[in-house]
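Each remark here refers to the structure printed beneath this line.
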Amino acid sequence: MKLASIHIYPVKSTAGHQVHEAEVQPWGLADDRRYLITDERGELLTARQEPRLLACVAQVDGGSLTLTGPHAAPLRVTPTAAMSTVAVGRTPVELTDCGDDAADWLSGLVGRPLRLKWLDDPTRRPVNPEYGRPDDRVSLADGYPLLLTSSASLALLNDWIVETALERGEEAPQPLPMHRFRPNVVIDGVDTPFAEDEWKRVRIGAVDFRVSKRCDRCVLTTIDTSTYTKGKEPIRTLSRHRRWDGKVWFGINLIPDVPGRIAQGDSVTIL
């Protein structure tokens with residue numbers, strides 16, 4: 001097995017991009033999900049509520065964040081000294097505001113008042129203790145430092161989606177791309193689809209990871225990133241084949257044991 005691709009999402013719930021290599025930090029890949037967006041009430045806003053956020057592309061260069069979108073010129077972000085507390089999942093987290101220019105840029109993209117916040121100290125947010133150790137930390141991802149998916153699992157899911165459509169008298173859809181699932185690492189060469197469900201530990205290159213849990217999926221996976229509209233797939237088909245405990249599942253969450261670097265093409269070993 002090998003590492004087929006690496007993906008980071010500098011601003012939570014905006015478009016991600018692929019990188020050839022990445023530094024693995026205790027709380028996730030370097031530059032991954034260190035920023036998030038809040039609404040007019042100061043609460044976390046994601047593409048689940050505002051799919052248009054996926055039109056924003058965020059790039060980190062030398063520690064500086066630049067936002068690019070279809071509605072305005074690119075903006076280089078400058079955090080301020082102002083702090084506020086935002087609930088991220090079950091955890092209140094102290095975040096730094098990124099100023100009025102960033103707020104105006106994002107508000108113009110979506111059409112409502114928004115603000116951009118930065119996690120200046122990624123050691124602030126613990127992992128859910130039910131699935132991690134007391135000293136495990138996570139940046140602003142939904143719950144865990146990394147998400148792993150496999151090409152074999154997506155291929156089978158796409159076959160299932162075609163079967164579902166044909167059974168319902170619908171036209172066979174185009175295959176769903178992997179970016180719908182927003183993984184950090186994608187693995188090629190897995191012999192059996194969804195074999196990753198049973199993995200406990202995995203080594204990518206020279207970096208070892210613990211599998212914290214399987215990943216339950218939400219409506220974000222149903223958003224077409226070219227039209228920003230919601231459909232029925234993959235949730236409809238996952239509900240037929242991959243539903244238990246009241247949720248649907250695709251991918252696994254990882255926690256790194258130690259920092260290191262990973263690169264596209266690295267070997268992947270199940271420990």
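The values are calculated or read from the model by the stated rules, or taken from the named source; none is laboratory data. Computed from a predicted model, the values in this text were never measured in an experiment. Don't worry about glycine lacking a Cβ; one is built from the backbone with ideal geometry, like all the others, and counts go over all protein chains shown.
Tabulated data
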read-out	value
Lone qualifier among LEU119, LEU54, LEU140 - being over 16 Å from ARG34 (Cβ atoms), buried (at least 19 other Cβ atoms within 10 Å of the Cβ) and of a type in the set (A, V, I, L, M)	LEU54
PRO256 being under 24 Å from GLN25 (Cβ atoms) and within 17 Å of the chain's Cα centre (by Cα)	yes
Residue satisfying condition, being closer than 26 Å to LEU254 by Cα and either in the same structural domain as ILE252 (by TED's automatic domain parsing) or in a helix (DSSP H, G or I) (or both), within set LEU106, LEU54	LEU54
Any pair with Cβ under 9 angstrom, 6 or more apart, that starts in the range 4-21 at a residue that is without any contact (Cβ under 8 Å) to a residue 24 or more places away in the chain and within 18 Å of LEU54 (Cβ to Cβ) and ends at one that is part of a strand (DSSP E or B) and among the polar types (S, T, N, Q)	GLN18/SER5
Failed item, numbered, when ASP61 is tested on (1) more than 18 Å from the chain's Cα centre (by Cα); (2) at pLDDT 95 or above	(2)
Residues of the range 203-237 that turn out to be closer than 17 Å to LEU148 by Cβ and out of contact with any helix residue (DSSP H, G or I) (no Cβ under 9 Å at 6 or more places or on another chain), as a count	11
Selected residue (only one of ALA81, ALA55 is in contact (Cβ under 8 Å) with a residue 40 or more places away in the chain and of a type outside the set (Val, Ile, Thr))	ALA55
Pick from the range 85-107, criterion more than 23 Å from the chain's Cα centre (by Cα) and surrounded by 13 or more Cβ atoms within 10 Å (Cβ to Cβ), ranking: farthest from ALA55 (Cα to Cα)	GLY99
Complete set of residues in the range 208-248 that are among the aliphatic types (A, V, I, L, M), in a strand (DSSP E or B) and surrounded by fewer than 20 Cβ atoms within 10 Å (Cβ to Cβ)	ILE223
